[in-house]
Amino acid sequence: MGVCANMHVDRPEHVIGAFTTSLDGRTAAQRHNASLAARRIDGAVVAAGSTFSFNRRVGTFTADAGFKKAPVSFNGSLIKDWGGGVCQTSTTVYNAALLAGLPIVERFHHRFAPSYVPPGRDAAVAYPGVDLRFTNNLSEPIRIVAKVADERLIVEFLSVGKPAEKSLVVADVENFTEPNTVRVPLSPRSRGVRASGHSGFAVTVRRVTGERREVISRDSYPAMDRVIGIPEVPTP
């Protein structure tokens, strides 16, 4: 990532791309990790022609770096792992970059579609190999603002330069799969939903900039089963 020491303070900056995701319903540890990653991103300046790396900027998602264990999806189950929740920050950054019209160099989707963004619009990260990278194709630097306010994670890209035309992002869901319901036995004192499940999708994301239409991604997400615990009936 190229970093400029000084922006052009004599010219006003413009918001060239911005995106917000909701933290409502996230655990305290997920919120902590998403907020910490946002603070690491906040203030980053990407020089003209340079490529930004989320992992390089944020660093490792470990306890030594201040991150906590929080729920993450792994093979269809929720487990606690270091940095759970960071992907919401990378996703918010990704969508701001899309709307700013920037070329995406590297992006991965989750196995299962997360709930905080429409399917096809997520960006998974895992240090060091699963990264989010994009290039500043403007002739001026871009400054990134990332913050948490009123249960919202907000990312803005600012620059004294402007893209020639505004970009819109369109997601076309081409296939939708309802989750199956699986019932598993529990002890007599336990009952209820063990996993709420997720719908499955096949989705194509396109970016529209003036007369130009480009395919950004084609992603498939399998459905995750809804698991309901049923207490076992004692044998007389």
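The criterion of at least 3 residues that are over 23 Å from residue 26 (Cβ atoms) and either among the basic types (Lys, Arg) or open to solvent by 90 Å² or more (accessible area, probe 1.4 Å) (or both) is met, among strands (runs of 3 or more DSSP E) falling completely within the stretch 130-189, by 167-177.
Residues that are open to solvent by 30 Å² or more (accessible area, probe 1.4 Å) and aliphatic (A, V, I, L, M) do not occur anywhere in the stretch 114-121. Scanning the stretch 105-123 for residues that are under 16 Å from residue 86 (Cα atoms), among the aliphatic types (A, V, I, L, M) and at pLDDT 95 or above yields 117, 123.
Taken as a whole, the structure places residue 48 among residues that are among the small types (Gly, Ala, Ser), open to solvent by 20 Å² or more (accessible area, probe 1.4 Å) and touching a residue at least 40 places away in the same chain (Cβ under 8 Å).
On inspection, residue 53 fails the criterion of being among the hydroxyl-bearing types (Ser, Thr, Tyr) and open to solvent by 20 Å² or more (accessible area, probe 1.4 Å). Close Cβ contacts (under 6 Å, 6 or more residues apart or on different chains) running from residues in the stretch 51-69 that are on the phi < 0 side of the Ramachandran plot and among the basic types (Lys, Arg) to residues that are open to solvent by 60 Å² or more (accessible area, probe 1.4 Å) and not in a helix (DSSP H, G or I) comprise 69/80; 69/82. When the criteria are applied in full, residue 43 meets the requirement of being of a type outside the set (A, V, I, L, M), at pLDDT 95 or above and not in a helix (DSSP H, G or I).
Tell me yes or no: at least one residue of the stretch 178-193 is at negative phi and touching a Phe, Trp or Tyr at 6+ places or on another chain (Cβ under 7 Å). No - not one qualifying residue is present in the stretch 178-193.
Of all residues in the stretch 205-230, those satisfying the criterion of being under 17 Å from residue 172 (Cβ atoms), crowded, with 16+ Cβ neighbours inside 10 Å and among the hydrophobic types (A, V, I, L, M, F, W, C) are 205, 216.
The values are calculated or read from the model by the stated rules, or taken from the named source; none is laboratory data. Quick caveat, the model's predicted, so the values are computed rather than measured. Neighbour counts are summed over all protein chains in view; Cβ atoms, including those assigned to glycine, are modelled from backbone coordinates with ideal geometry. Side chains included, ligands, DNA and RNA excluded: accessible areas come from the protein's heavy atoms. Shrake-Rupley method; radii C 1.70, N 1.55, O 1.52, S 1.80 Å.
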